[in-house]
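The values are calculated or read from the model by the stated rules, or taken from the named source; none is laboratory data. Note that the structure is a prediction, hence the values are computed from the model and not measured. Cβ: placed from backbone, ideal geometry, glycine included. Neighbour counts: every protein chain shown.
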């Protein structure tokens with residue numbers, strides 16, 4: 001009994017032994033098992049012996065839990081890299097990102113969305129613009145309609161390059177005193193507020209890479225809760241809390257190229273992941289929204305060149321073309337069980 005109980009809790013780490021947060025864990029059928037916390041722990045493996053682990057910055061793996069020592073899973077770096085960029089005296093910085101989003105619940109993936117985003121930054125106006133093209137499929141027409149309508153535009157927005165990444169947000173908040181940065185012996189910087197640990201920063205100058213994990217949503221919730229408590233103390237009136245019908249936690253990971261001074265530009269985004277993990281109370285169902293984004297092309301171009309690029313990119317895409325794009329740019333594939341389950345969503349299209 002002690003062995004079985006111990007087997008329910010598993011820690012996921014990288015090759016250096018550092019915990020990996022926001023790993024999506026599924027079973028052989030692609031159904032959700034859980035996600036890892038800031039310390040890399042999957043707190044309940046539900047007695048399942050064969051598990052699949054997915055994270056944007058690491059190679060997806062499948063593991064027989066009975067064969068691993070100390071119930072610790074080690075994930076290897078995905079080794080996805082940006083192409084070299086030659087700086088040119090042009091009007092625009094162009095960066096194309098590829099993204100894919102999987103909505104997973106207890107029964108497996110019920111929605112998949114993928115596509116490309118043409119991002120441009122105009123130097124003269126210091127303005128960032130984006131244009132998204134996507135392909136989406138749901139388990140049935142209703143799923144596809146509801147999810148695309150309710151969260152599709154958020155997914156497209158999250159897939160874009162951002163002028164203010166989470167690393168910059170953390171530094172700003174630390175300067176203001178609302179976040180604390182603590183350097184650990186491992187070289188990892190732990191990010192926390194007055195309530196809990198919210199993430200970490202790993203700088204690898206030799207590899208030219210910065211990895212930031214940070215739960216921006218929980219940080220914002222803590223700020224709102226602190227302000228609400230202050231108002232209650234001042235007025236003596238308790239604030240009514242809105243009941244959403246679900247609970248959710250969030251994980252955000254971004255990987256940027258950095259120079260020898262640990263600096264990066266907006267086009268140095270290598271990849272990022274947003275993971276929303278929650279539970280619908282009425283349905284008694286767990287869910288995860290896993291969004292991965294990769295920068296696949298970047299260049300300095302003129303407006304005339306960009307018009308032609310956008311025209312060339314205005315072609316309809318299907319799932320086969322998206323897979324070819326993934327292969328052409330060495331984008332790490334989804335875990336085999338998730339890929340097989342997504343295939344079922346596109347089964348009719350694949351047959352055609």
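In a residue-by-residue description of segment 249-260, the property of being surrounded by fewer than 21 Cβ atoms within 10 Å (Cβ to Cβ), under 11 Å from the mean Cα position of the chain (by Cα) and in contact (Cβ under 8 Å) with a residue 12 or more places away in the chain applies to at least one position. For residue 284, all conditions in the list (1) under 23 Å from the mean Cα position of the chain (by Cα); (2) under 30 Å from residue 43 (Cβ atoms) hold save one; what is the number of the exception? Among (1) under 23 Å from the mean Cα position of the chain (by Cα); (2) under 30 Å from residue 43 (Cβ atoms), residue 284 violates only (1). For segment 145-164, indicate whether the set of residues that are out of contact with any strand residue (DSSP E or B) (no Cβ under 9 Å at 6 or more places or on another chain) and modelled with pLDDT of 90 or more is non-empty. Scanning segment 145-164 turns up no residue that is out of contact with any strand residue (DSSP E or B) (no Cβ under 9 Å at 6 or more places or on another chain) and modelled with pLDDT of 90 or more.
Taking the criterion of being in a helix (DSSP H, G or I), free of Cβ contacts under 8 Å to residues at least 40 places away in the same chain and either over 21 Å from the mean Cα position of the chain (by Cα) or assigned by TED's automatic domain parsing to the domain that holds residue 300 (or both), would at least one residue in segment 236-246 satisfy it? If you could, list the steps in order and put the result at the bottom.
The initial filter retains those residues of segment 236-246 that are in a helix (DSSP H, G or I), namely none.
There is no residue in segment 236-246 that is in a helix (DSSP H, G or I), free of Cβ contacts under 8 Å to residues at least 40 places away in the same chain and either over 21 Å from the mean Cα position of the chain (by Cα) or assigned by TED's automatic domain parsing to the domain that holds residue 300 (or both).
Checking each residue in segment 69-99 for being outside any strand (DSSP E or B) and under 22 Å from residue 333 (Cβ atoms) picks out 75, 76, 78, 79, 80, 81, 82, 83.
Of the strands (runs of 3 or more DSSP E) lying entirely inside segment 100-207, the ones with 2 or more residues being surrounded by 13 or more Cβ atoms within 10 Å (Cβ to Cβ) and in contact (Cβ under 8 Å) with a residue 60 or more places away in the chain are found at 108-122, 127-138, 197-204. Evaluated against (1) surrounded by 15 or more Cβ atoms within 10 Å (Cβ to Cβ); (2) in contact with a helix residue (DSSP H, G or I) (Cβ under 9 Å, 6 or more places away or on another chain); (3) in the same structural domain as residue 329 (by TED's automatic domain parsing), residue 85 falls short on exactly one condition, (3). Looking at segment 216-235, I want the residues that are assigned by TED's automatic domain parsing to the domain that holds residue 195 and under 18 Å from residue 180 (Cα atoms) and have a partner that is modelled with pLDDT of 90 or more and part of a helix (DSSP H, G or I) with Cβ atoms under 8 Å, at least 6 apart or on another chain. Which pairs are those? Every condition considered, the pairs that remain are 216/166; 216/169; 219/173. Go through the residues of segment 218-233 one by one and say whether even a single one is buried (at least 17 other Cβ atoms within 10 Å of the Cβ), on the phi < 0 side of the Ramachandran plot and touching a helix residue (DSSP H, G or I) at 6+ places or on another chain (Cβ under 9 Å). Within segment 218-233, one or more residues are buried (at least 17 other Cβ atoms within 10 Å of the Cβ), on the phi < 0 side of the Ramachandran plot and touching a helix residue (DSSP H, G or I) at 6+ places or on another chain (Cβ under 9 Å).
For segment 290-313, the condition holds for at least one residue, the condition being that it is more than 25 Å from residue 93 (Cβ to Cβ), modelled with pLDDT of 85 or more and not in a loop (DSSP other than H, G, I, E, B). Can you confirm whether residue 312 is free of Cβ contacts under 8 Å to residues at least 24 places away in the same chain and closer than 24 Å to residue 86 by Cβ? Against the criterion (free of Cβ contacts under 8 Å to residues at least 24 places away in the same chain and closer than 24 Å to residue 86 by Cβ), residue 312 qualifies. Is it fair to say residue 51 is modelled with pLDDT of 85 or more and assigned to a strand (DSSP E or B)? The answer is yes for residue 51.
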